[in-house]
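Data block below; observations after.
Derivation of every value follows stated rules applied to the coordinates shown; laboratory data play no part. Model, not experiment: these values are computed from the prediction. Methodologically, a virtual Cβ is constructed for each residue, glycine included, from the backbone with ideal geometry; neighbour enumeration extends over all protein chains shown.
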Amino acid sequence: MCGVLRLSDAGKKVVLMGWVNRRRDLGQIIFVDLRDRTGVTQVVFNHELNAGIHQKAEALRNEFVIAAIGTVKRRDADTINPNIPTGEVELVVEELRILNVSKPLPFLPSDTALANEEMRLKYRYIDLRRDAMQFNIELRHKVALAIRDNLASQGFFEIETPFMTRSTPEGARDYLVPSRVQPGSFYALPQSPQLFKQILMISGFDKYFQIVRCFRDEDLRADRQPEFTQIDLEMSYPQTESVWAVVEGFLTAAFKAAGHEIKTPFPRMSYDEAIRRYGSDKPDMRLPAMVDVREAMAPEERKRFNTAFRVRGGFPIQLIRIPAAGDISGTERRTIGTYGAYAYAQGGSVVNLMTDPKRFARDYPASTDRILTFANIAPDDLWLFACADNTPATAVQDYHSFCLRCGFLRLDLAQKYAGKHKAFEKTGNPENDFRFLWVSDFPMFEWDNTDKRWNPAHHPFTSLHEEDMVKLEANIDSVHDPKSPLGEIRALAYDVVLNGTELGSGSIRIHRQDIQRKIFQALGMTEEEARARFGFFLEALEYGTPPHGGIALGLDRIVMILAGADSLREVIPFPKTAAAKDLMMEAPTPVAEGQLRELGIQVKK
Ligand code: ASP
């Protein structure tokens, strides 16, 4: 292979096959960097040594595929290339075979400047020849292999589940596949193998996993793909902690495959704490939490502050701290609150900001030092307060959305001053670079303001906390009531989070048919609707279903983080665009009239 020859191979006769990465013609001598997926080797065609072959080599162009047969030679000291592993040797060619030619290319794999992404996706086969893409795809292979090996060593079986199936509820739109033999009927591509993996528990395969494609027809956000890969698993008789230990096991193996030793167990936090301290259900732990400073304020000053900043009673005064941001100008201070996600979430101004610490120190002298200590503030830190506004016109928000807004501001500021606090830069120490976290006890239901109803926050097969069962029963017919205590019911659901990104979600499941029925009822499904959609599953639950639970993690996202890439498309060999198109295959396409007729389908123009 083109990346393997070393000084110790000098004198050997070898055959290299690969692509012409670059060709330099110095007249009497032609150099070619020959490339395959393992690297490049310099091959030399010398007119003096072999005029015939030298002449043949004049025809070589970028990306021709050749076989070069010759002898490995130590390079002269002044021509050694220390930047590549094969840099001490070159191949002096004795025989050249041109295996194939190439047209001039739209861009070159050896180009340092990147072609635009549309070109890269249209000519994906050329793009994939680039070093960076070869690295990413190899990394993906290694990570997936490490995960498989690890899960197998933990006693899991990899079991396949069908792609042509029926709708499973993960909350997105289905991709449908029309049936020809049963006109008018459709399969749905799985949004996840959720029901199959639960059925596998009922079938006695007590530890299942699968690295599997899932399909969700969602409006694509920048970091989504219509088909993506999950590391999906399910186990029988689990405690939440046993699922977590399995995940920590395979993530350790996956990160090790990429050269990082991570530490387990991961820290844990309840959903409520995450919202309160980070204003997010996926806290980025690389920066300090927010701190409610009410109790650190001198009582008289707190009263005065509440009036001056129109603080809504009963709401926290959130101190947001960005380390090492340094002194910022008055103008810059006044623009805090106009940044991206925060400004967007803010809408009509419902959060008041105190952004002038110097003035605060002057006006509230008895509180300042206490706050500095209470919130661990260093002289170089940027800090400010966010408070809920109390004026009747804007005081519409609830505690939850107030916290989320504070969380947005915290992240916006963190982005803005990233160059200063450097918390997002890799240090080489996995404990700093990869801040994992388990978030648990998510709400069971979330209010959907468009459809005016409660929906499952995770999916309808998730168990709730046993103590919350009473609340479910008391409010089982309140699916359209936004004030219903359904919103307070906690699920045995958990997410694994890394550096502020959700890597995966899972839960302990309902394994009793009577409880599953109640959940469907609480979700506003009639007995008949539940039967029609999930009848087979409700029936299966009646034949001796063991307690079970599981989780699914996004493989693409994990590889993206490990590759240091900034888009999922960099680690998926053949990804789709934001418009869900495959630019290389040119899919999707209209199909022939005849094909549609066979399926009994007519397309409305
Ligand atoms: N099926 C769920 C999902 O894809 C994961 C799980 O609950 O295991 O999000």
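Start at zero, step by 5 Å, and the Cα-Cα distances of the range 1-156 spread as 2, 9, 16, 19, 17, 14, 10, 7, 4, 2, 1, 1, 0 percent across the bins.
Take the Cα of T427, step 7 Å toward its Cβ, do the same at A343, and the gap between the two points is 3.3 nm.
Between D356 and R304, full extension at 0.36 nm per residue minus the direct alpha carbon distance yields a gain of 17.1 nm.
For the range 1-87, the spherically averaged projection of the C-alpha convex hull amounts to 5.4 nm². When the C-alpha to C-alpha distance is required to be over 27 Å, the pairs from K358/K422; K142/K576; K56/K103; K207/K576; K581/K605; K73/K142 that qualify are K207/K576; K73/K142.
Once the other residues with Cβ under 10 Å from the Cβ of K103 are scored (Lys, Arg +1; Asp, Glu -1), what is the net sum? Write out the running numbers ahead of the final one.
Values: positive: R61; negative: E63.
Surrounding charge for K103 is 0.
Could you work out how far the C-alpha centroid of the range 202-240 sits from that of the range 346-408, in angstrom? One Cα centre to the other: 40 Å.
Principal axis analysis of the Cα atoms in the range 382-507 yields extents of 52, 40, 25 Å, listed in decreasing size. Nearest 10 degrees, 0 to 90: what angle lies between the long axis of helix 131-153 and the longest principal axis of the chain (Cα atoms)? Taking the Cα atoms of the chain, the angle to 131-153 is about 60 degrees.
Using the Cβ-Cβ distance between T391 and A579 with R0 set to 45 Å, the FRET efficiency from 1/(1 + (r/R0)^6) comes to roughly 0.55. Output the 0 to 90 degree angle, nearest 10, between the alpha-carbon long axis of helix 365-374 and the longest principal axis computed from the alpha carbons of the chain. Long axis of 365-374 versus the principal axis of the chain: about 50 degrees. Between the alpha-carbon centres of the range 435-487 and the range 288-343 there is a gap of 32 Å.
Stretched out fully, how many nm does the piece from E160 to D217 gain, at 0.36 nm a residue minus the Cα gap?
Values: separation 57, 0.36 × 57 = 20.52 nm, distance 2.20 nm.
Here the segment from E160 to D217 would lengthen by 18.3 nm.
How large is the helix-only mean residue ellipticity at 222 nm for the chain, computed as the sum of -39500 (n - 2.57) over DSSP H runs with n ≥ 4, divided by its residue count, in deg cm²/dmol to the nearest 500? Intermediate results must be reported in sequence, preceding the final value.
Details: 20 runs with 187 residues, N = 605.
Mean residue ellipticity, 222 nm, calculated: -9000 deg cm²/dmol.
So, counting K/R as plus one and D/E as minus one, what does the shell of residues with Cβ under 15 Å around F215 add up to?
Numbers: positive: R166, R173, R213, R216, R224, K576; negative: E170, D174, D217, E218, D219, E227, D232, D556, D582.
Overall, the nearby charge balance is -3.
Here E539 and A132 are evaluated by their C-beta separation; at R0 = 45 Å the FRET efficiency comes out at 0.30. Computed from Cα positions, the angle between helix 299-308 and the longest principal axis of the chain comes to roughly 70 degrees.
The modelled label-to-label distance for the pair T450/Q239, using points 7 Å beyond Cα in the direction of Cβ, is 4.1 nm. Please report the base-10 log of the normalised intensity I(q)/I(0) for the range 412-467, using a Debye sum with one equal scatterer per alpha carbon and no solvent, at each q in 0.13, 0.18, 0.30 (1/Å). At q = 0.13, 0.18, 0.30 Å⁻¹ the computed log10 ratios are -0.66, -0.76, -1.21.
Using 0.36 nm times the number of residues separating D566 and A258, minus their current alpha carbon distance, what extension gain do you get? List each step's numbers first, then the result.
On the way: separation 308, 0.36 × 308 = 110.88 nm, distance 1.69 nm.
Full-extension gain reported as 109.2 nm.
Calculated on the Cα set of the chain, radius of gyration then Dmax: 30.1, 96 Å.
Applying 1/(1 + (r/R0)^6) with R0 = 35 Å to the Cβ-Cβ distance of R24 and A152, what FRET efficiency is obtained, to the nearest 0.05? Present the calculation step by step, with values, prior to reporting the outcome.
Values: r = 49 Å, r/R0 = 1.39.
FRET efficiency, R24 to A152: 0.10.
The base-10 log of I(q)/I(0) for the range 153-272, evaluated at q = 0.15, 0.19, 0.20 Å⁻¹, reads -0.87, -1.17, -1.22 [Debye formula, identical scatterers on Cα atoms, solvent excluded].
Here the simple spin-label model places points 7 Å from the Cα toward Cβ, and for A10 and N46 these points are separated by 1.4 nm.
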